[in-house]
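Below: one structure, written as C-alpha coordinates.
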Amino acid sequence: MVHSYALFGRYIAIDVHSGAVHELDRAAFDVLQKGLLFEPLNLTPEQAEAREELLALKEDGLLFTEPEAVTVNYADLPLKALCLHVSHDCNLRCAYCFAKTGDFGTGRRLTMPPEVAERAIDYLLARCGGRRNLEIDFFGGEPLMALDTVKHTVTYARRAAPDKNFRFTLTTNGVLLDDGVTEYLNREMSNVVLSLDGRRQVNDAARRLVPDGGSYDEILPKYRHVIATRTGDYYVRGTYTKRNTDFAEDIAHLASLGFRNISLEPAVLPPGHPLALTEEDVPALCRQYELLCERMAEDGSFAFFHFNVDLAQGPCVYKRLRGCGAGVEYAAVTPEGDVYPCHQFVGREEYRMGSVLDGSFDKDISSWFSDIGAEGREDCRTCWARFYCGGGCAASNLTVNGDIALCDRLGCALEKKRLECAIYLKTLKSGIY
Amino acid sequence: MKHIKTLNRAVLKDSVPHGGCGECQTSCQSACKTSCTVANQKCERPPKVSGTLRQIKQPVA
Ligand code: SF4
Ligand code: SF4
Ligand code: SF4
(Lines give C-alpha, C1' and ligand atoms only; values in the text may rest on other atoms or scores of the structure.)
(Ligands and ions follow the chains in the order given, each with its own letter.)
Protein backbone atom coordinates (compact mmCIF):
# COMPACT_ATOMS: atom_id res chain seq x y z
CA MET A 1 0.00 0.00 0.00
CA VAL A 2 1.26 3.46 -0.90
CA HIS A 3 -0.18 6.76 0.29
CA SER A 4 0.76 9.72 -1.87
CA TYR A 5 -0.32 13.31 -1.33
CA ALA A 6 0.50 16.88 -2.22
CA LEU A 7 0.92 19.62 0.36
CA PHE A 8 2.16 23.17 -0.18
CA GLY A 9 3.57 22.24 -3.58
CA ARG A 10 5.49 19.20 -2.38
CA TYR A 11 4.69 15.63 -3.36
CA ILE A 12 5.18 12.83 -0.89
CA ALA A 13 4.76 9.06 -1.01
CA ILE A 14 4.65 6.79 2.02
CA ASP A 15 5.22 3.09 1.51
CA VAL A 16 3.01 1.85 4.31
CA HIS A 17 4.48 -1.57 5.03
CA SER A 18 8.18 -0.85 4.76
CA GLY A 19 8.01 2.59 6.38
CA ALA A 20 9.96 4.18 3.52
CA VAL A 21 9.10 7.79 2.71
CA HIS A 22 9.87 9.43 -0.63
CA GLU A 23 9.68 12.92 -1.92
CA LEU A 24 8.61 13.07 -5.56
CA ASP A 25 8.62 15.59 -8.34
CA ARG A 26 5.43 16.30 -10.23
CA ALA A 27 6.07 13.69 -12.94
CA ALA A 28 6.64 10.88 -10.43
CA PHE A 29 3.62 12.00 -8.41
CA ASP A 30 1.39 11.90 -11.48
CA VAL A 31 2.59 8.42 -12.37
CA LEU A 32 1.58 7.21 -8.90
CA GLN A 33 -1.68 9.10 -8.61
CA LYS A 34 -2.93 8.22 -12.08
CA GLY A 35 -2.07 4.55 -11.82
CA LEU A 36 0.49 4.85 -14.62
CA LEU A 37 2.98 2.69 -12.78
CA PHE A 38 1.06 -0.44 -13.62
CA GLU A 39 -0.71 0.82 -16.77
CA PRO A 40 1.81 2.98 -18.59
CA LEU A 41 -0.40 4.70 -21.17
CA ASN A 42 0.48 7.92 -22.99
CA LEU A 43 3.43 8.74 -20.78
CA THR A 44 5.36 11.94 -21.32
CA PRO A 45 9.15 11.41 -21.52
CA GLU A 46 9.46 12.83 -17.99
CA GLN A 47 6.81 10.45 -16.69
CA ALA A 48 8.47 7.50 -18.41
CA GLU A 49 11.73 8.35 -16.70
CA ALA A 50 10.03 8.82 -13.33
CA ARG A 51 8.24 5.52 -13.80
CA GLU A 52 11.55 3.71 -14.22
CA GLU A 53 12.73 5.19 -10.95
CA LEU A 54 9.53 4.18 -9.16
CA LEU A 55 9.89 0.64 -10.48
CA ALA A 56 13.45 0.53 -9.18
CA LEU A 57 12.20 1.49 -5.73
CA LYS A 58 9.60 -1.23 -5.90
CA GLU A 59 12.32 -3.67 -6.83
CA ASP A 60 14.34 -2.47 -3.84
CA GLY A 61 11.51 -3.12 -1.36
CA LEU A 62 10.75 0.55 -0.87
CA LEU A 63 7.44 0.90 -2.68
CA PHE A 64 4.34 -1.32 -2.79
CA THR A 65 5.98 -3.59 -0.25
CA GLU A 66 3.97 -6.59 0.86
CA PRO A 67 2.90 -6.74 4.52
CA GLU A 68 5.37 -8.49 6.79
CA ALA A 69 4.02 -11.36 8.85
CA VAL A 70 4.50 -9.94 12.32
CA THR A 71 3.26 -11.76 15.38
CA VAL A 72 2.43 -9.39 18.18
CA ASN A 73 1.75 -11.34 21.37
CA TYR A 74 -0.23 -8.46 22.68
CA ALA A 75 -2.31 -10.38 25.19
CA ASP A 76 0.77 -11.59 27.08
CA LEU A 77 2.43 -8.23 27.56
CA PRO A 78 3.16 -7.21 31.14
CA LEU A 79 1.67 -4.14 32.77
CA LYS A 80 4.23 -1.33 32.85
CA ALA A 81 2.41 1.98 33.20
CA LEU A 82 -0.17 3.24 35.68
CA CYS A 83 -2.19 6.38 35.73
CA LEU A 84 -2.85 7.05 39.41
CA HIS A 85 -5.97 9.08 40.05
CA VAL A 86 -4.65 10.42 43.32
CA SER A 87 -7.48 12.92 43.58
CA HIS A 88 -11.03 12.59 42.39
CA ASP A 89 -11.62 16.19 43.13
CA CYS A 90 -10.74 19.32 41.24
CA ASN A 91 -10.41 23.04 41.85
CA LEU A 92 -11.46 24.03 38.33
CA ARG A 93 -14.74 23.47 36.52
CA CYS A 94 -13.85 22.90 32.86
CA ALA A 95 -16.70 22.80 30.38
CA TYR A 96 -15.48 19.70 28.51
CA CYS A 97 -14.16 17.67 31.47
CA PHE A 98 -14.39 13.91 30.88
CA ALA A 99 -13.84 13.46 34.63
CA LYS A 100 -17.10 15.34 35.22
CA THR A 101 -15.43 17.98 37.42
CA GLY A 102 -13.15 15.46 39.04
CA ASP A 103 -15.30 12.73 40.54
CA PHE A 104 -15.91 10.87 37.24
CA GLY A 105 -19.65 11.04 37.81
CA THR A 106 -19.50 9.01 41.01
CA GLY A 107 -20.68 11.80 43.28
CA ARG A 108 -17.77 11.02 45.62
CA ARG A 109 -14.86 13.46 45.88
CA LEU A 110 -11.98 11.36 47.12
CA THR A 111 -8.26 11.49 47.68
CA MET A 112 -6.20 8.34 47.26
CA PRO A 113 -4.91 7.28 50.68
CA PRO A 114 -1.15 6.56 50.81
CA GLU A 115 -1.85 2.88 51.55
CA VAL A 116 -3.83 2.50 48.33
CA ALA A 117 -0.99 4.16 46.42
CA GLU A 118 1.44 1.65 47.97
CA ARG A 119 -0.79 -1.23 46.87
CA ALA A 120 -0.85 0.24 43.36
CA ILE A 121 2.95 0.21 43.22
CA ASP A 122 2.99 -3.37 44.57
CA TYR A 123 0.42 -4.32 41.93
CA LEU A 124 2.56 -2.85 39.16
CA LEU A 125 5.71 -4.54 40.47
CA ALA A 126 3.92 -7.89 40.65
CA ARG A 127 2.76 -7.60 37.04
CA CYS A 128 5.63 -5.84 35.25
CA GLY A 129 7.74 -8.93 34.55
CA GLY A 130 11.20 -8.00 33.34
CA ARG A 131 10.34 -4.44 32.30
CA ARG A 132 12.86 -2.00 33.70
CA ASN A 133 11.23 1.30 32.73
CA LEU A 134 8.01 1.75 34.68
CA GLU A 135 5.74 4.77 34.37
CA ILE A 136 3.54 6.42 36.93
CA ASP A 137 1.43 9.41 35.92
CA PHE A 138 -0.23 11.36 38.70
CA PHE A 139 -3.59 12.41 37.43
CA GLY A 140 -7.00 13.34 38.71
CA GLY A 141 -9.12 15.33 39.12
CA GLU A 142 -6.31 17.60 40.15
CA PRO A 143 -3.34 15.63 41.54
CA LEU A 144 -1.85 18.58 43.42
CA MET A 145 -4.89 18.37 45.72
CA ALA A 146 -3.29 15.13 46.91
CA LEU A 147 0.36 16.18 46.95
CA ASP A 148 1.06 14.19 50.12
CA THR A 149 0.00 11.01 48.34
CA VAL A 150 2.14 11.94 45.33
CA LYS A 151 5.22 12.40 47.52
CA HIS A 152 4.51 9.24 49.47
CA THR A 153 4.17 7.23 46.25
CA VAL A 154 7.46 8.48 44.80
CA THR A 155 9.37 7.62 47.96
CA TYR A 156 7.67 4.25 48.35
CA ALA A 157 8.22 3.18 44.74
CA ARG A 158 11.91 4.05 44.72
CA ARG A 159 12.43 2.16 47.97
CA ALA A 160 10.36 -0.84 46.93
CA ALA A 161 12.25 -1.43 43.68
CA PRO A 162 15.60 0.34 43.44
CA ASP A 163 16.49 -1.73 40.36
CA LYS A 164 13.58 -0.33 38.34
CA ASN A 165 13.69 2.96 36.50
CA PHE A 166 10.52 4.73 37.63
CA ARG A 167 9.42 7.64 35.50
CA PHE A 168 7.02 9.91 37.28
CA THR A 169 4.90 12.42 35.45
CA LEU A 170 2.15 14.72 36.64
CA THR A 171 -0.69 16.43 34.80
CA THR A 172 -1.90 19.60 36.51
CA ASN A 173 -4.24 22.54 36.02
CA GLY A 174 -1.68 24.74 37.75
CA VAL A 175 -3.87 26.34 40.40
CA LEU A 176 -1.92 24.93 43.36
CA LEU A 177 1.57 25.46 41.96
CA ASP A 178 3.81 27.55 44.20
CA ASP A 179 7.59 27.75 44.52
CA GLY A 180 7.83 24.76 46.83
CA VAL A 181 5.60 22.53 44.70
CA THR A 182 7.40 23.59 41.54
CA GLU A 183 10.75 22.80 43.07
CA TYR A 184 9.48 19.34 44.07
CA LEU A 185 8.02 18.61 40.62
CA ASN A 186 11.15 19.82 38.86
CA ARG A 187 13.23 17.51 40.99
CA GLU A 188 11.11 14.35 40.88
CA MET A 189 8.98 14.36 37.73
CA SER A 190 10.54 13.41 34.42
CA ASN A 191 7.70 15.21 32.64
CA VAL A 192 5.02 17.64 33.73
CA VAL A 193 1.93 18.36 31.68
CA LEU A 194 0.56 21.84 32.26
CA SER A 195 -3.01 22.46 31.13
CA LEU A 196 -3.83 25.70 29.33
CA ASP A 197 -6.05 26.10 26.27
CA GLY A 198 -4.43 29.05 24.51
CA ARG A 199 -5.71 32.61 24.20
CA ARG A 200 -7.11 34.14 27.38
CA GLN A 201 -10.70 34.35 26.14
CA VAL A 202 -10.60 30.76 24.84
CA ASN A 203 -9.07 29.38 28.01
CA ASP A 204 -11.32 31.34 30.30
CA ALA A 205 -14.49 30.37 28.47
CA ALA A 206 -13.82 26.72 29.34
CA ARG A 207 -11.41 26.54 32.27
CA ARG A 208 -13.24 28.21 35.15
CA LEU A 209 -12.12 28.75 38.71
CA VAL A 210 -14.36 27.78 41.64
CA PRO A 211 -16.73 29.46 42.41
CA ASP A 212 -16.23 31.48 39.22
CA GLY A 213 -13.76 33.38 37.09
CA GLY A 214 -11.24 32.68 34.35
CA SER A 215 -8.08 30.77 35.26
CA TYR A 216 -5.64 32.20 32.67
CA ASP A 217 -4.21 35.07 34.72
CA GLU A 218 -3.94 32.91 37.80
CA ILE A 219 -1.97 30.06 36.24
CA LEU A 220 0.13 31.61 33.48
CA PRO A 221 2.78 33.13 35.78
CA LYS A 222 3.04 29.77 37.57
CA TYR A 223 3.68 27.88 34.35
CA ARG A 224 6.26 30.42 33.31
CA HIS A 225 8.01 29.86 36.60
CA VAL A 226 7.93 26.07 36.09
CA ILE A 227 9.58 26.21 32.70
CA ALA A 228 12.07 28.89 33.73
CA THR A 229 13.34 26.66 36.54
CA ARG A 230 12.99 23.26 34.87
CA THR A 231 15.50 21.09 33.03
CA GLY A 232 13.24 18.03 32.57
CA ASP A 233 10.55 17.64 29.93
CA TYR A 234 7.30 19.51 29.98
CA TYR A 235 4.26 19.97 27.79
CA VAL A 236 1.76 22.77 27.82
CA ARG A 237 -1.38 20.99 26.85
CA GLY A 238 -4.78 22.30 25.90
CA THR A 239 -8.10 21.19 24.49
CA TYR A 240 -9.98 22.70 21.60
CA THR A 241 -13.71 22.51 21.06
CA LYS A 242 -16.45 23.72 18.73
CA ARG A 243 -15.87 27.16 20.22
CA ASN A 244 -12.33 27.57 18.87
CA THR A 245 -12.16 25.89 15.50
CA ASP A 246 -9.44 28.47 14.77
CA PHE A 247 -7.18 26.72 17.27
CA ALA A 248 -3.96 27.33 15.30
CA GLU A 249 -4.19 30.79 16.87
CA ASP A 250 -4.16 29.21 20.30
CA ILE A 251 -1.04 27.22 19.53
CA ALA A 252 0.60 30.36 18.14
CA HIS A 253 -0.40 32.17 21.31
CA LEU A 254 1.13 29.48 23.53
CA ALA A 255 4.33 29.63 21.47
CA SER A 256 4.39 33.44 21.79
CA LEU A 257 4.30 33.04 25.56
CA GLY A 258 7.59 31.18 25.37
CA PHE A 259 6.32 27.60 25.68
CA ARG A 260 8.41 25.23 23.59
CA ASN A 261 6.53 21.92 23.82
CA ILE A 262 2.88 22.25 23.01
CA SER A 263 0.03 19.82 22.62
CA LEU A 264 -3.54 20.80 21.77
CA GLU A 265 -6.16 18.09 21.47
CA PRO A 266 -9.68 17.95 20.11
CA ALA A 267 -12.22 17.54 22.92
CA VAL A 268 -13.81 14.12 22.86
CA LEU A 269 -17.42 14.58 23.81
CA PRO A 270 -20.60 12.59 23.28
CA PRO A 271 -22.59 13.50 20.16
CA GLY A 272 -25.01 16.33 20.91
CA HIS A 273 -22.80 18.04 23.51
CA PRO A 274 -22.77 21.78 22.73
CA LEU A 275 -18.97 21.84 22.53
CA ALA A 276 -18.62 18.60 20.53
CA LEU A 277 -16.80 18.78 17.21
CA THR A 278 -18.65 17.21 14.31
CA GLU A 279 -17.69 15.86 10.90
CA GLU A 280 -18.74 19.15 9.29
CA ASP A 281 -15.89 20.78 11.19
CA VAL A 282 -13.26 18.52 9.59
CA PRO A 283 -12.28 20.77 6.64
CA ALA A 284 -11.87 23.80 8.92
CA LEU A 285 -9.91 21.81 11.49
CA CYS A 286 -7.62 20.32 8.83
CA ARG A 287 -6.98 23.82 7.56
CA GLN A 288 -5.87 24.78 11.06
CA TYR A 289 -3.27 22.00 11.07
CA GLU A 290 -2.06 23.29 7.71
CA LEU A 291 -1.77 26.82 9.08
CA LEU A 292 0.17 25.46 12.04
CA CYS A 293 2.40 23.50 9.68
CA GLU A 294 3.11 26.62 7.59
CA ARG A 295 3.96 28.53 10.72
CA MET A 296 6.29 25.80 11.96
CA ALA A 297 8.03 25.67 8.60
CA GLU A 298 9.05 29.29 9.26
CA ASP A 299 9.43 29.22 13.02
CA GLY A 300 11.41 26.34 14.51
CA SER A 301 11.21 27.68 18.06
CA PHE A 302 8.53 25.31 19.32
CA ALA A 303 7.40 21.71 18.90
CA PHE A 304 3.89 20.40 18.49
CA PHE A 305 3.29 16.97 20.04
CA HIS A 306 1.66 15.34 17.02
CA PHE A 307 4.20 16.72 14.57
CA ASN A 308 7.16 15.19 16.42
CA VAL A 309 7.29 12.19 14.10
CA ASP A 310 10.79 10.84 13.78
CA LEU A 311 10.95 9.06 10.45
CA ALA A 312 14.26 7.28 10.87
CA GLN A 313 14.41 6.50 14.57
CA GLY A 314 10.80 6.12 15.63
CA PRO A 315 9.39 3.07 17.35
CA CYS A 316 9.60 -0.48 16.06
CA VAL A 317 6.76 -2.13 14.21
CA TYR A 318 5.53 -3.95 17.34
CA LYS A 319 5.09 -0.76 19.29
CA ARG A 320 3.26 0.78 16.36
CA LEU A 321 0.83 -2.09 16.15
CA ARG A 322 0.18 -2.25 19.87
CA GLY A 323 -0.80 1.39 20.01
CA CYS A 324 -1.62 3.02 23.32
CA GLY A 325 -1.53 -0.14 25.42
CA ALA A 326 -4.75 0.64 27.35
CA GLY A 327 -6.05 -2.32 29.32
CA VAL A 328 -2.90 -4.32 28.66
CA GLU A 329 0.36 -2.48 29.31
CA TYR A 330 -1.33 0.55 30.76
CA ALA A 331 -4.12 0.94 33.33
CA ALA A 332 -5.66 3.56 35.59
CA VAL A 333 -6.24 3.26 39.33
CA THR A 334 -8.95 5.17 41.24
CA PRO A 335 -8.60 6.58 44.77
CA GLU A 336 -10.40 3.43 46.01
CA GLY A 337 -7.92 1.16 44.24
CA ASP A 338 -10.16 0.08 41.37
CA VAL A 339 -8.41 -0.68 38.10
CA TYR A 340 -9.68 0.49 34.69
CA PRO A 341 -8.17 0.10 31.19
CA CYS A 342 -7.14 3.76 31.09
CA HIS A 343 -7.93 7.14 32.64
CA GLN A 344 -10.83 7.73 30.26
CA PHE A 345 -12.66 4.54 31.22
CA VAL A 346 -12.75 5.32 34.93
CA GLY A 347 -16.31 5.31 36.23
CA ARG A 348 -17.67 3.03 33.48
CA GLU A 349 -18.57 0.07 35.63
CA GLU A 350 -18.59 -2.50 32.85
CA TYR A 351 -14.88 -1.74 32.30
CA ARG A 352 -13.77 -2.15 35.90
CA MET A 353 -10.90 -4.65 35.55
CA GLY A 354 -9.97 -5.38 39.13
CA SER A 355 -8.49 -3.85 42.24
CA VAL A 356 -4.99 -3.17 43.50
CA LEU A 357 -6.26 -4.12 46.97
CA ASP A 358 -6.84 -7.78 46.13
CA GLY A 359 -4.49 -7.97 43.14
CA SER A 360 -7.24 -8.88 40.67
CA PHE A 361 -6.92 -8.17 36.93
CA ASP A 362 -9.68 -9.26 34.58
CA LYS A 363 -8.03 -11.00 31.64
CA ASP A 364 -11.29 -11.02 29.68
CA ILE A 365 -11.61 -7.26 29.73
CA SER A 366 -7.92 -6.98 28.92
CA SER A 367 -8.47 -9.19 25.88
CA TRP A 368 -11.14 -6.83 24.52
CA PHE A 369 -8.28 -4.37 24.19
CA SER A 370 -5.51 -6.71 23.13
CA ASP A 371 -7.75 -7.92 20.29
CA ILE A 372 -8.07 -4.46 18.78
CA GLY A 373 -4.59 -3.09 18.10
CA ALA A 374 -4.06 -1.45 14.74
CA GLU A 375 -4.41 -4.87 13.10
CA GLY A 376 -7.62 -5.73 14.92
CA ARG A 377 -9.85 -2.83 13.91
CA GLU A 378 -11.40 -3.06 10.51
CA ASP A 379 -10.92 0.60 9.62
CA CYS A 380 -7.28 0.47 10.70
CA ARG A 381 -6.38 -2.62 8.69
CA THR A 382 -6.91 -0.70 5.47
CA CYS A 383 -5.64 2.65 6.71
CA TRP A 384 -2.32 4.04 5.43
CA ALA A 385 -1.75 5.82 8.75
CA ARG A 386 -1.86 2.81 11.04
CA PHE A 387 1.87 2.50 11.68
CA TYR A 388 1.98 6.14 12.74
CA CYS A 389 -1.32 6.32 14.57
CA GLY A 390 -1.24 2.94 16.30
CA GLY A 391 -4.96 2.31 15.99
CA GLY A 392 -6.52 5.32 17.60
CA CYS A 393 -8.25 5.77 20.91
CA ALA A 394 -10.61 3.13 22.28
CA ALA A 395 -12.09 5.65 24.69
CA SER A 396 -13.04 8.10 21.93
CA ASN A 397 -14.47 5.25 19.93
CA LEU A 398 -16.65 4.32 22.87
CA THR A 399 -17.73 7.90 23.55
CA VAL A 400 -18.57 8.64 19.93
CA ASN A 401 -19.69 5.27 18.54
CA GLY A 402 -20.53 3.23 21.62
CA ASP A 403 -17.93 0.59 20.68
CA ILE A 404 -14.21 0.54 21.49
CA ALA A 405 -13.47 -1.08 18.12
CA LEU A 406 -15.42 1.35 15.89
CA CYS A 407 -13.10 4.15 14.88
CA ASP A 408 -14.05 7.72 15.61
CA ARG A 409 -14.03 9.02 12.04
CA LEU A 410 -13.49 12.60 13.06
CA GLY A 411 -10.46 11.60 15.12
CA CYS A 412 -9.11 9.57 12.21
CA ALA A 413 -9.49 12.42 9.71
CA LEU A 414 -7.59 14.75 12.03
CA GLU A 415 -4.90 12.18 12.79
CA LYS A 416 -4.24 11.62 9.09
CA LYS A 417 -4.00 15.33 8.42
CA ARG A 418 -1.60 15.79 11.34
CA LEU A 419 0.58 12.99 10.02
CA GLU A 420 0.64 14.42 6.50
CA CYS A 421 1.73 17.75 7.97
CA ALA A 422 4.33 16.12 10.23
CA ILE A 423 5.90 14.23 7.32
CA TYR A 424 5.77 17.32 5.12
CA LEU A 425 7.81 19.20 7.72
CA LYS A 426 10.42 16.44 7.50
CA THR A 427 10.76 16.95 3.75
CA LEU A 428 11.75 20.59 4.10
CA LYS A 429 15.36 19.71 4.66
CA SER A 430 15.57 17.07 1.97
CA GLY A 431 16.55 19.34 -0.91
CA ILE A 432 14.88 17.78 -3.93
CA TYR A 433 13.58 21.22 -5.00
CA MET B 1 17.59 9.47 -8.97
CA LYS B 2 16.30 12.58 -10.66
CA HIS B 3 12.61 12.46 -9.84
CA ILE B 4 12.62 10.93 -6.37
CA LYS B 5 14.43 11.53 -3.15
CA THR B 6 14.13 8.80 -0.53
CA LEU B 7 13.91 10.36 2.92
CA ASN B 8 14.17 7.14 4.80
CA ARG B 9 14.46 3.50 4.02
CA ALA B 10 12.55 0.46 5.19
CA VAL B 11 12.73 1.26 8.89
CA LEU B 12 9.63 -0.72 9.77
CA LYS B 13 10.70 -3.86 7.98
CA ASP B 14 14.16 -3.57 9.47
CA SER B 15 12.75 -3.35 12.99
CA VAL B 16 10.95 -6.69 12.76
CA PRO B 17 13.77 -8.93 13.95
CA HIS B 18 14.84 -6.66 16.80
CA GLY B 19 11.92 -4.70 18.19
CA GLY B 20 9.27 -5.29 20.78
CA CYS B 21 11.25 -4.93 24.01
CA GLY B 22 8.46 -2.80 25.52
CA GLU B 23 10.75 -0.38 27.35
CA CYS B 24 9.51 2.77 25.63
CA GLN B 25 6.94 5.16 27.01
CA THR B 26 3.22 4.50 26.78
CA SER B 27 1.84 7.11 24.41
CA CYS B 28 -0.95 8.53 26.55
CA GLN B 29 1.46 9.12 29.43
CA SER B 30 3.57 11.54 27.46
CA ALA B 31 1.33 14.51 26.86
CA CYS B 32 -2.00 14.23 25.27
CA LYS B 33 -4.13 11.93 27.42
CA THR B 34 -6.84 11.90 24.78
CA SER B 35 -5.67 10.61 21.47
CA CYS B 36 -3.13 8.31 20.05
CA THR B 37 -0.06 8.83 17.94
CA VAL B 38 2.67 6.27 18.30
CA ALA B 39 5.14 7.48 15.72
CA ASN B 40 6.21 10.37 17.94
CA GLN B 41 7.37 8.09 20.73
CA LYS B 42 11.07 7.49 21.20
CA CYS B 43 12.53 4.03 20.81
CA GLU B 44 14.60 3.29 23.88
CA ARG B 45 16.71 0.44 22.72
CA PRO B 46 20.33 1.46 22.59
CA PRO B 47 21.44 2.07 18.99
CA LYS B 48 23.69 -0.98 18.95
CA VAL B 49 20.83 -3.41 19.21
CA SER B 50 17.90 -1.41 17.92
CA GLY B 51 16.46 -2.65 14.68
CA THR B 52 14.98 0.74 14.00
CA LEU B 53 18.42 2.28 14.08
CA ARG B 54 21.05 -0.15 13.08
CA GLN B 55 19.91 -1.37 9.70
CA ILE B 56 19.12 1.91 8.06
CA LYS B 57 21.04 2.05 4.85
CA GLN B 58 22.19 5.27 3.30
CA PRO B 59 19.42 7.16 1.49
CA VAL B 60 19.42 6.97 -2.27
CA ALA B 61 21.59 9.75 -3.63
S1 SF4 C 1 11.86 0.60 22.98
FE2 SF4 C 1 12.07 0.51 20.76
S3 SF4 C 1 12.33 -1.66 20.26
FE4 SF4 C 1 11.50 -1.53 22.33
S5 SF4 C 1 9.26 -1.73 22.03
FE6 SF4 C 1 9.78 0.46 22.13
S7 SF4 C 1 10.04 1.05 20.00
FE8 SF4 C 1 10.15 -1.19 20.07
S1 SF4 D 1 -6.31 6.95 11.59
FE2 SF4 D 1 -8.12 5.81 12.30
S3 SF4 D 1 -8.31 4.08 10.88
FE4 SF4 D 1 -6.24 4.92 10.68
S5 SF4 D 1 -4.98 3.70 12.06
FE6 SF4 D 1 -5.65 5.53 13.18
S7 SF4 D 1 -7.53 4.89 14.23
FE8 SF4 D 1 -7.12 3.39 12.64
S1 SF4 E 1 -7.82 4.45 24.98
FE2 SF4 E 1 -7.45 6.56 24.32
S3 SF4 E 1 -7.29 7.77 26.18
FE4 SF4 E 1 -7.07 5.61 26.73
S5 SF4 E 1 -4.84 5.25 26.74
FE6 SF4 E 1 -5.61 4.71 24.70
S7 SF4 E 1 -5.36 6.57 23.45
FE8 SF4 E 1 -5.21 7.16 25.62
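The values are calculated or read from the model by the stated rules, or taken from the named source; none is laboratory data. Keep in mind the model is a prediction, meaning the values are calculated, not measured. Every residue, glycine among them, receives a Cβ derived from its backbone with ideal geometry; neighbour counts consider all protein chains shown. For accessibility, only protein heavy atoms count, side chains too; no ligands or nucleic acids. Shrake-Rupley method; radii C 1.70, N 1.55, O 1.52, S 1.80 Å.
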### Task
Just name the residue that is most open to solvent (accessible area, probe 1.4 Å) out of those in region A:251-272 that are modelled with pLDDT under 95 and away from every other protein chain (no Cβ under 13 Å).
A:P271
### Message
For region A:330-351, give me each residue that is more than 16 Å from ligand 1 (Cβ to nearest atom), facing chain B (nearest Cβ under 7 Å) and closer than 18 Å to A:C128 by Cβ.
### Response
A:C342
### Query
Checking A:E188 against (1) open to solvent by less than 20 Å² (accessible area, probe 1.4 Å); (2) within 30 Å of A:L124 (Cβ to Cβ); (3) acidic (D, E), which single condition isn't satisfied?
(1)
### Task
Name the single residue, out of those in region A:1-16 being in contact with a Leu (Cβ under 8 Å, 6 or more places away or on another chain) and in contact (Cβ under 8 Å) with a residue 60 or more places away in the chain, that is least open to solvent (accessible area, probe 1.4 Å).
A:I12
### Message
I'd like to check something: does region A:117-129 contain any residue that is in contact with a Lys or Arg (Cβ under 8 Å, 6 or more places away or on another chain), part of a helix (DSSP H, G or I) and farther than 15 Å from A:Y340 by Cβ?
### Response
yes
### Message
Restricting to region A:352-395, give me the number of residues that are assigned to a helix (DSSP H, G or I) and within 16 Å of ligand 1 (Cβ to nearest atom).
### Response
5
### Query
Any idea which residue in region A:273-296 is most open to solvent (accessible area, probe 1.4 Å), counting only those that are aliphatic (A, V, I, L, M) and free of Cβ contacts under 8 Å to residues at least 60 places away in the same chain?
A:L291
### Message
Going residue by residue through region A:345-356, is there one that turns out to be within 16 Å of ligand 2 (Cβ to nearest atom), open to solvent by 20 Å² or more (accessible area, probe 1.4 Å) and of a type outside the set (D, E, K, R)?
### Response
no
### Task
Please specify each residue of region A:297-329 satisfying the condition of being open to solvent by 30 Å² or more (accessible area, probe 1.4 Å) and more than 10 Å from every other protein chain (Cβ to nearest Cβ).
A:A297, A:E298, A:D299, A:G300, A:S301
### Query
Across region A:34-76, what is the total count of residues that are outside any loop (DSSP other than H, G, I, E, B) and in contact (Cβ under 8 Å) with a residue 60 or more places away in the chain?
2
